[in-house]
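Just so it is clear, none of the values below were taken in a lab; they were calculated from the coordinates. All values derive from a computational prediction rather than experimental measurement. Every residue, glycine among them, receives a Cβ derived from its backbone with ideal geometry; neighbour counts consider all protein chains shown.
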Amino acid sequence: MTEEKTKTNPEEMSCATCPMRQKAEAKPKSFMARLWKWHTGWCPGWKAYQAAVAEQG
């Protein structure tokens with residue numbers, strides 16, 4: 001059985017519009033930014049988002 005890989009558009013993923021990410025990017029030295037950085041270390045959705053961005057170019 002073969003699995004078809006579907007290409008994911010990064011703009012369609014929730015990470016692109018995540019309110020937590022937007023707050024962290026607005027104030028990089030805030031507690032929210034530190035929480036966001038910790039979150040991205042283990043979040044499978046963030047890793048998929050990063051892979052989709054890298055694939056897009």
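Below, the figures for the structure above:
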quantity: Residue-averaged 222 nm ellipticity for the chain, from DSSP H runs of 4+ at -39500 (n - 2.57), nearest 500; calculated: -16000 deg cm²/dmol
quantity: The chain: relative contact order as a whole-number percent, Cα under 8 Å and 6+ apart; calculated: 38 percent
quantity: Under the Debye formula (equal points on every Cα, no solvent term), log10 I(q)/I(0) of the chain at q = 0.16, 0.31 Å⁻¹; calculated: -0.55, -1.22
quantity: Relative exposure of K37, K29, judged by other C-beta atoms within 10 Å (fewest first); calculated: K29, K37
